[in-house]
Amino acid sequence: MIERVLVIAPTSVVAVWPKELDEYAAFPVTCRTLLGDKRQRLKSLGDLERYRYKKCRVAVINYESTWREGIYDALEKYDADLIICDESQRIKTHNAQQSEAMHALGDKARYKLILSGTPVQNQFVDIWSQYRFLDRTIFGDKYYAFVGRYAIKGGYGNKQIQGIRPELKDELIQKEHSIAFRVTKEEAIDLPEQTFETRSIEMTPKERDLYDQVRRSSYAELIDGGSITATTVLTKLLRMRQITGGFLVRDGGDPEKPEQVSTSKLDALKDIIMDYVIAGDKKLVVFAAFIPEVKAIIELAKKELPRGKKAVAIYGAVKNEERGGIVRRFQEDPDTVLFIGQIDTAGTGITLTAADTCVYYSKTYNYATYEQSLSRIHRIGQRNTCTYIDLVVEKTVDEMITKALRKKEELAKTIVDNWKDYFK
């Protein structure tokens, strides 16, 4: 019987698990995300262990924290019946600290499950560490014994892995599939044409304090200002939206040089770029509402994309005559893997079907603009199911905007009647 579950996932996916379990679990479950500093993570795990009601308990934590001092011991003591590695390619490196931590935790668990769309990212040896966690009897305990059996060596010092031995390829595949279940998009005919995913982001206490200060002062100014119009409300919400994206223009500050006050969304986007672009070898479209956000994403791409891979961007300052060439590079150049667009500028009239996944770093209030932007990847020439990922900061205006757009509402037309809801 499974009573305790431990889920390890990329940081940006951790907050998705409670919502998915709440919506789809066919059994009683209580879930805690282990986020924040060490003390907060240990407290959340302790609260879960002390939970007295008869429900399946699920703890969700990010990979990078599993091996940290104090946290690993607590996870070991938690003694999960089932451990799930979501996006298990994160433990593909056999001697990485998080991989070794997962191997040790997995050795104690009664049941284990790995989930990945890209278990092999670079070379076939990527599967060893994942299977070492999953079932050590499949490929054995020793990485170098596995390499010695299956790999063709060459290069400098005859130490570089050149590929798999042809005569053993069928054996390796048979062993791999002995405990694996694979479904392709083509086989999953019941998948919807468009799939929407929300990745919730938690503010740090400092970021939350700043957001709440702006929220309260905006509410007070609206209450004292007399007549409430859509324009006045949307203007006040602007600063709150900017904070969730990581930027703020202080009173008296230069609007052209906003202060960066958070990296939470950028960190979540970094995870997605790692999983979809770098690991998954896919192209990706990212839309953002504000130019400082676009520029920050461009800088992130410069740091994170592998050598030879490029990002392109279209925003207000990019000349109209240059935009066609930018789109062509994204569509036709295999090394141009990331398109970054300001949603009001690049959300209409262009084709970006080289990608089937689109991330909304931030959105506008306008449903028509949002609907148009959805069609950049979802149009003639697209053969894959389109996936849209919303980055939403919890308990902020982000959630309100996302809900309104999903209901196909134009906020400028409905916000006056319910404006107080946005400043709760």
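The values are calculated or read from the model by the stated rules, or taken from the named source; none is laboratory data. No experiment lies behind these values; they were computed from the predicted model shown. Cβ placement follows ideal geometry from the backbone for every residue including glycine, while neighbour counts extend to all protein chains displayed. We work out accessible area using only protein heavy atoms, side chains counted, and drop any ligands, DNA or RNA first. Shrake-Rupley method; radii C 1.70, N 1.55, O 1.52, S 1.80 Å.
Report the equivalent ellipsoid semi-axes for the range 276-315 in whole Å, largest first, defined as the square roots of five times the eigenvalues of the gyration tensor built from alpha carbon atoms.
19, 11, 8
For the range 210-368, state what percent of all Cα-Cα pairs lands in each successive 10 Å bin, counting from 0 Å until the bin that includes the largest distance.
Over the range 210-368, the share of Cα pairs per 10 Å bin runs 10, 36, 31, 16, 6, 1 percent.
Distances over 22 Å make up what percent of all Cα-Cα pairs in the range 278-424?
Value for the range 278-424: 40 percent of Cα pairs lie more than 22 Å apart.
Under a 1.4 Å probe, what is the accessible area of the chain per residue, stated in Å²?
Value for the chain: 52 Å² per residue.
Shape call for the range 124-237 from the C-alpha gyration tensor, a ≥ b ≥ c root eigenvalues: rounded (a/c under 1.5), prolate (a/b greater than b/c) or oblate?
It comes out prolate by the Cα gyration axes.
Distance from the Cα centre of the range 77-113 to that of the range 1-71, in angstrom?
For the range 77-113 versus the range 1-71, the Cα centre distance is 14 Å.
If a/c stays under 1.5 just call it rounded; otherwise compare a/b with b/c (prolate if a/b is bigger, oblate if not). Do that for the range 1-58, with a ≥ b ≥ c from the square roots of the Cα gyration tensor eigenvalues.
oblate
Within 10 Å, at most 14 other Cβ atoms, and a DSSP state outside H, G, I, E, B define an exposed site. Report the longest part of the chain free of exposed chymotrypsin sites (Phe, Trp or Tyr not before Pro).
Longest site-free region, per DSSP loop and neighbour criteria: 182-424.
Semi-axes, largest first, in whole Å: what does sqrt of 5 times each Cα gyration tensor eigenvalue give for the range 194-285?
Semi-axes, largest first: 32, 16, 13 Å.
Mind putting a number on the dipole of the range 58-133 about its Cα centre? Charges go on the C-beta only, +1 for Lys and Arg and -1 for Asp and Glu, and I need it in Debye to the nearest 20.
Numbers: 8 positive and 11 negative charges, 35 e Å.
Here the range 58-133 has a charge dipole of around 160 debye.
Report the rotationally averaged projected area of the range 346-424 based on its alpha-carbon convex hull, in square nanometres.
Result: 5.6 nm².
Restricting to the chain, compute how many DSSP beta bridges are antiparallel as a %, nearest 5.
10 percent
At a threshold of 8 angstrom on Cα-Cα distance, excluding pairs fewer than six apart, so keeping six or more, what relative contact order does the chain reach in percent?
Details: 671 pairs, mean separation 55.8, N = 424.
Dividing the mean separation by the residue count of the chain yields 13 percent.
Translational D (Stokes-Einstein, µm²/s) of the range 1-101 at 37 °C and 0.692 mPa s when Rh comes from the Kirkwood sum over C-alpha pairs?
Working: Rh = 13.8 Å.
For these conditions, the coefficient is 238 µm²/s.
Rounded to the nearest 10 degrees, what's the angle between the helix 397-406 long axis and the longest principal axis of the chain, both from Cα atoms, 0 to 90?
90 degrees
Projecting each Cα onto the charge dipole of the chain (Lys/Arg +1, Asp/Glu -1 at the beta carbon, about the Cα centre), which of L34, Y131, Q331 comes out farthest on the positive side?
Y131
Could you order D390, D79, D212 so the one with the most accessible surface comes first? Probe is 1.4 Å.
Descending accessible area places them as D79, D212, D390.
So if I place +1 on the C-beta of Lys and Arg and -1 on the C-beta of Asp and Glu, and nothing else carries charge, what would the dipole magnitude of the chain be about its Cα centre? I want it in debye, nearest 20. Numbers along the way, then the final one.
On the way: 66 positive and 62 negative charges, 104 e Å.
The dipole of the chain has a size of about 500 debye.
Please report, to two decimal places, log10 I(q)/I(0) for the range 69-196 at q = 0.16, 0.23 Å⁻¹ as given by the Debye formula with identical point scatterers on the Cα atoms and no solvent.
For the range 69-196, the Cα-only Debye profile gives -0.88, -1.40.
Taking the Cα centre of the chain as the origin and placing charges on Cβ (Lys, Arg +1; Asp, Glu -1), which of V7, W67, Y24 is farthest toward the positive end of the dipole?
W67
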